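The values are calculated or read from the model by the stated rules, or taken from the named source; none is laboratory data. Keep in mind that this is a model prediction, so the values were computed, not measured. Here the Cβ is made from the backbone with ideal geometry for all residues, glycine too, and neighbour counts use every protein chain on show. Note: areas computed on protein heavy atoms with side chains; ligands, DNA, RNA excluded. Shrake-Rupley method; radii C 1.70, N 1.55, O 1.52, S 1.80 Å.
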Amino acid sequence: MSAETRRGSSHSLHSLGVVCGLTAGAWLGSAEAPTKLVAIGFSPFVVSLGMVLGVFVARWTVPVALKGTSYVWRDLSEKPHLIVWAIVAGMLWAVANTLTVFAIRNVGLSIAFPLWNVNSLVGVFWGWLLFNELRGGDGSQRLKVLAGAAAIVIGACVLAYATAADDSQAKQGATALGILAALGAGLLWGTMYIPYRKAYISGMNPLSFVTVFTFGELGTVFALAAVFDGGAANVLASLQQAKPALFWLFLGGFCWVLGDLFQQYAAKYIGISRGIPLSNTNQLWGLAWGVLVFGELANMTGGAQALVVAGSLIMIAGATAISLAEAPAAEQREWHVAMERECMRYGLDRERVAAALTASDSSSSARSSWRWWEMLIVGAAVAVFIWLGLHAERQAIVVDARWLLTLAAASVALLLGGGIFLWKRTRFC
């Protein structure tokens, strides 16, 4: 392959990573809307568990539909050491997701979202320390990343100040706990990206990774609910009582899976130091859902509203600066060193791993023919959603239907565009 061809391929993958990150932002933002149910009396643990049950259904169904069980099983069997890492990542996600529900309850969706997106800083640090990201590049690229990281910190501080200064919050103690919960979620989510990147520089497909990931998240959320919410029997009884709202929680979980898959592809092709901040444009979507659909800032003072908007814009600018810092050839050679280290440690085929990282592995591009059990899995998932939809009831949450439909349509448009681009470039490899 010529140097010009390699540069073109690298630029194409960077563009793909940017598109995946933006699409992830839209769907990760939309996924948090159903967690507003915590505001009308549902336990945060029940809300989190209901959402994760939807995640579990989707994480098994989407990979089966796109690549097939044979491909997923072969990918996992070739890299069994990554199974435990995927489970650990799921456990970290589960705890972080539960913290976000507490954060939303105490400070609202539009405030909590930007605060837990400090995971960008954590992801940048781990990417540099463990996977050679930002090494070997020129100073201008590192400056973009560091300046973007500083902007994220400043934006988070502005939002925290706006929340604390707003007199409409019921209790300062509850506000402080909400802020801490959001920041704790950001720390855990940032650390969760270590298994992500470790898997992808080892050549694993994101669709295979998330299939195992889901066991860690579902088991951990159920354990948290059982320990802190009165035992397993009480949790099951609470889920039964929440049946009229479970459809919305499952839908939120399904949206989260779609966003997370695009986030995983962004992390695979442009690294966690760039892909994660870009997917953190979900804060813009979270702000839009909170403000436009749920009217969260209606009771805030004008000054507090201005601070919230300014803080969000600063954080978005920081994430954009990081994501636009395309990795130069010298840095990509450092990524290759990290890949070589994983191959030596676990006895992986270097050529296949390198091909997987550039979406040029022809052995993984084609989907095997449908098998009867795969159609059964997809059919069962659809049946679950239909059954929950038949029992769904409108919840006592005031929403602006026009903005809801507008944001939903924009999210679907990004999903279709990003999905087509990803399929054409990588065949979901």
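Some points to look at:
- Largest first, the residues VAL378, VAL72 sort by 1.4 Å accessible area into VAL378, VAL72.
- Protein-only accessible surface order, largest first, of TYR193, TYR346 at 1.4 Å: TYR346, TYR193
- The alpha-carbon of LYS144 sits under 18 angstrom from the alpha-carbons of these aspartates and glutamates, leaving out residues fewer than 8 places away in its chain: GLU133, GLU326, GLU331.
- Radius ratio Rg over Rh of the chain, counting only Cα atoms, Kirkwood formula for Rh: 0.96
- Placed amide H near ALA392: partners under 5 Å, 5+ positions off or other chain: none
- Screening the chain for DSSP H helices whose Cα atoms reach 20 Å or more along their own axis and whose mean Kyte hydropathy is at least 1.0 gives 44-66, 81-107, 139-165, 206-228, 302-323, 372-391, 401-426.
- Residues whose placed amide H lies under 5 Å from that of ASN132, excluding near-sequence neighbours: none
- Considering all C-alpha pairs of the stretch 222-272, those separated by over 12 Å amount to 72%.
- Its Cα centre serving as origin, the stretch 297-369 has a Cβ charge dipole (Lys and Arg +1, Asp and Glu -1) of approximately 160 debye.
- Straight-line cross-link reach from LYS424 at under 16 Å between alpha-carbon atoms covers these aspartates and glutamates, not counting any fewer than eight positions away in the same chain: ASP361.
- Counting only DSSP H runs of at least 4 residues, each contributing -39500 (n - 2.57), and dividing by the residue count of the chain, the helix-based mean residue ellipticity at 222 nm comes to -26500 deg cm²/dmol.
- Cα shape, the stretch 145-290, gyration tensor, a/c 1.5 rule: oblate
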